Amino acid sequence: MAGAVAGAAAAGAAAAIANAIKASGAIVEVEPEVFVTILAREKDSRPLVVMAQGGVIKTHYRYLAACRGFVFYTKSADPLSLPGYVDVITARKIWTPD
C-alpha cells in the first residue's frame with residue numbers, strides 16, 4: 001500500500017512539472033553576456049527583466065526576460081550591469097524547471 005501511495009505521489013509530481021513547463025513555454029538559458037546583448041537588441045521596446053537574488057552558501061542572481069516569444073534566463077555570481085532603458089522587477093524567487 002505504501003508503495004502505491006509513493007508511486008501516485010511521484011506521478012503527481014511529474015505531472016505538475018510537465019504542466020509548469022507547458023505553462024511557462026520555452027525557457028532559453030544563456031550566458032550573462034548574451035543576456036545583456038539580447039536586451040540591447042530590444043532597446044526600443046524597453047525590455048522588462050525579472051531579477052531575484054538567491055543562494056544559501058554563495059549569493060547568485062537570476063534574471064528572466066521575454067523577447068520575441070522566448071523567455072531568456074541567466075544566472076550570475078555578480079549582479080548584472082543592466083542599461084538604463086531596462087525596466088527591472090525584483091522578485092522574491094525565480095524557479096526554472098531543470
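Taken together, the values in this text are just the output of simple stated rules run on the coordinates, not laboratory data. Note that the structure is a prediction, hence the values are computed from the model and not measured. Cβ atoms come from the backbone with ideal geometry, glycine included; neighbour counts cover every protein chain shown.
Among residues other than ASP44 whose Cβ falls under 15 Å from its Cβ, what is the net charge (Lys/Arg +1, Asp/Glu -1)?
Values: positive: ARG41, LYS43, ARG46, ARG68; negative: GLU42, ASP87.
Taking every other residue near ASP44 into account, the sum is +2.
Within segment 26-90, antiparallel bridges make up roughly 65 percent of the DSSP beta bridges whose residues both belong there.
Phi angles of segment 73-90 translate, via the Karplus equation with coefficients 6.51, -1.76, 1.60 and θ = phi - 60°, into HN-Hα couplings of 10, 9, 10, 9, 6, 10, x, 6, 8, 8, x, x, 7, 8, 8, 10, 10, 8 Hz per residue; Gly and Pro are given as x. Each listed q (0.13, 0.26, 0.27, 0.28 Å⁻¹) maps to a log10 I(q)/I(0) for segment 26-90, found by the Debye formula over equal Cα scatterers with no solvent: -0.31, -1.20, -1.28, -1.36.
Amide H contacts for VAL49 (H built 1.01 Å from N in the peptide plane; partners 5 or more residues away or on another chain; cut-off under 5 Å): ASP87, VAL88, ILE89.
Of the chymotrypsin sites (Phe, Trp or Tyr not before Pro) in segment 30-98, which ones lie in a loop per DSSP and count no more than 14 other C-beta atoms within 10 Å?
Details: sites: PHE35, TYR61, TYR63, PHE70, PHE72, TYR73, TYR85, TRP95; in loops: TYR85, TRP95.
Of the chymotrypsin sites (Phe, Trp or Tyr not before Pro), the ones in loops of segment 30-98 whose Cβ has at most 14 other Cβ atoms within 10 Å are TYR85, TRP95.
So how much slack lies between VAL28 and ALA91, counting 0.36 nm per residue of separation and subtracting their Cα-Cα distance, in nm? Could you put the intermediate results ahead of the total?
Values: separation 63, 0.36 × 63 = 22.68 nm, distance 1.91 nm.
Using 0.36 nm per residue and subtracting the Cα-Cα distance, I get 20.8 nm.
Counting every other Cβ atom within 10 Å of each residue's Cβ, ILE89, ILE27, ILE57 order from fewest to most as ILE57, ILE89, ILE27.
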